[in-house]
């Protein structure tokens with residue numbers, strides 16, 4: 001199985017961190033602190049990609 005890495009952008013906001021993945025539209029998350037945000041980002045990405053696979057969608061290639 002090929003390992004693919006996607007860029008996650010973390011933005012500090014009131015009360016925590018917002019996370020989004022530029023290469024995966026609609027895949028967003030939030031965490032109360034940086035450690036929580038990293039965990040939530042991983043979970044959001046895994047669930048989003050799993051849903052795409054289940055729907056027969058191709059996974060996007062990461063941008064360079």
(message) So, in segment 11-43, how many residues would count as being modelled with pLDDT of 95 or more, outside any loop (DSSP other than H, G, I, E, B) and out of contact with any helix residue (DSSP H, G or I) (no Cβ under 6 Å at 6 or more places or on another chain)?
(response) 17
(message) For segment 1-10, give me the residue count where each residue is touching a helix residue (DSSP H, G or I) at 6+ places or on another chain (Cβ under 8 Å) and farther than 17 Å from residue 53 by Cβ.
(response) 2
(message) Restricting to segment 18-43, name every residue that is surrounded by 15 or more Cβ atoms within 10 Å (Cβ to Cβ) and over 23 Å from residue 63 (Cα atoms).
(response) 31
(request) Could you list, in sequence order, all residues of segment 26-64 that are under 14 Å from the mean Cα position of the chain (by Cα) and on the phi > 0 side of the Ramachandran plot? (result) 26
(message) Yes or no: segment 44-56 includes at least one residue that is assigned to a loop (DSSP other than H, G, I, E, B) and crowded, with 18+ Cβ neighbours inside 10 Å.
(response) no
(message) Of everything in segment 1-16, what is in contact with a strand residue (DSSP E or B) (Cβ under 9 Å, 6 or more places away or on another chain), in contact (Cβ under 8 Å) with a residue 12 or more places away in the chain and under 24 Å from residue 64 (Cα atoms)? Give them in sequence order.
(response) 8, 9, 10
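The values are calculated or read from the model by the stated rules, or taken from the named source; none is laboratory data. Please read all numbers here as calculations on a predicted model, not as lab measurements. Using ideal geometry, Cβ is built from the backbone for each residue, glycine included, and neighbour counts are taken over all protein chains shown.
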